[in-house]
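The values are calculated or read from the model by the stated rules, or taken from the named source; none is laboratory data. Remember, predicted model here, so these are calculated numbers, not experimental data. Methodologically, a virtual Cβ is constructed for each residue, glycine included, from the backbone with ideal geometry; neighbour enumeration extends over all protein chains shown.
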């Protein structure tokens, strides 16, 4: 059976709050949201907590960096309601998202490795010879229309138009038809923007990054961004481990309504 921490020791909201730099109102809000088990009340109506509540608070705060506030709150609510398997499913979903983010990062890195020295000129600023050498016909080598490019990337043409307004791509107009024509540099920019968007970057973060790439005539500015992206994923992975350890400690403390859980080795998220 799980060890129970429902001891006679009583803690005030301020006792829980002080240890984590929180306000007493935050403690009350966490209880009302189901993140903490329901508190006992004194004959005068004041809340009293126990070491069990302190452990629940530590578990929640440890889960937030890896899973986000909303998911961490849902995990704690599920545990406190006795729906441990539901909590584990939420944890598994976060791990799956992290794995997808890692694969996206790897896809970006592979796309960059595919670039060779002959393609570097396509990343020069549009105000230089690159724009002057663009073909005037979309049938020429290396150019495409908005529809085929959107289909190739698996996005809608409206998304490409939005990216153009945000300064991510700069297609020129065919002088005869007025249609947007995407040169090799635009296709490359669109590919990089698509991968960075999948990685969680916002449009206003991507635009200056691509501008740096064009101005530098190479991909060095992206290397720092990818390194930062990789570091953030690693930090999130480690935060998930920390959160799992604190949640395990809370489960072992035997919160009311939670059935005895299987051995720790069977619960660790994969």
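Filtering segment 18-55 to residues that are more than 22 Å from residue 74 (Cβ to Cβ) and either within 28 Å of the chain's Cα centre (by Cα) or part of a loop (DSSP other than H, G, I, E, B) (or both) leaves 19, 21, 23, 42, 43, 44, 45, 46, 50. Looking across 41, 12, one residue alone is over 29 Å from residue 241 (Cβ atoms), surrounded by 12 or more Cβ atoms within 10 Å (Cβ to Cβ) and at pLDDT below 95. It is 12.
Residue-wise test of (1) surrounded by 15 or more Cβ atoms within 10 Å (Cβ to Cβ); (2) assigned to a loop (DSSP other than H, G, I, E, B); (3) without any contact (Cβ under 8 Å) to a residue 60 or more places away in the chain; (4) over 21 Å from the mean Cα position of the chain (by Cα).
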position: 185; (1), (2), (3), (4): yes, no, no, yes
position: 195; (1), (2), (3), (4): yes, no, no, no
position: 201; (1), (2), (3), (4): yes, yes, yes, no
position: 209; (1), (2), (3), (4): yes, no, yes, no
position: 213; (1), (2), (3), (4): yes, no, no, yes
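I'd like to check something: does segment 252-259 contain any residue that is modelled with pLDDT of 90 or more and surrounded by fewer than 13 Cβ atoms within 10 Å (Cβ to Cβ)? No: segment 252-259 contains no residue that is modelled with pLDDT of 90 or more and surrounded by fewer than 13 Cβ atoms within 10 Å (Cβ to Cβ).
Counting only helices (runs of 4 or more DSSP H) wholly contained in segment 58-159, the ones carrying 1 or more residues that are at pLDDT 75 or above and not assigned by TED's automatic domain parsing to the domain that holds residue 185 occupy 69-80, 84-113.
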